[in-house]
Amino acid sequence: MKTRIWLAGCAVLAVAACADMQASENAPNDGVLAQVPDGVLAIAAQNQDLTAVRVDPEDGCYTYRYAGPVETTFLPLRTEDGRPICSRALAEVTEATG
């Protein structure tokens, strides 16, 4: 009897492990913008994925979702010459936090 219960529990866990948790309709969008502003598109470097862009609430700079070989994370969105693209000036950020 214990073996059947144990096997049934393992089967439930195995099936649950196959579920795609990221594709849930109720999953939060993590602040991803529905449409990236045209000005940002014009100055962003070409090697960045602009399908998932958000504004970092701490510094007001744009970040994009980078899917690396190990993990997926948000990195700063940069121009061709390497400067970060921000929605507000750095002086405003330091005044608000300081």
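The values are calculated or read from the model by the stated rules, or taken from the named source; none is laboratory data. All figures in this text were calculated on a predicted structure; none of them were measured in a lab.
Residue 94 passes every criterion in (1) among the polar types (S, T, N, Q); (2) at pLDDT below 90; (3) assigned to a loop (DSSP other than H, G, I, E, B) apart from (3). For segment 11-28, the criterion of being under 15 Å from the mean Cα position of the chain (by Cα), on the phi < 0 side of the Ramachandran plot and at pLDDT 70 or above is satisfied by no residue at all.
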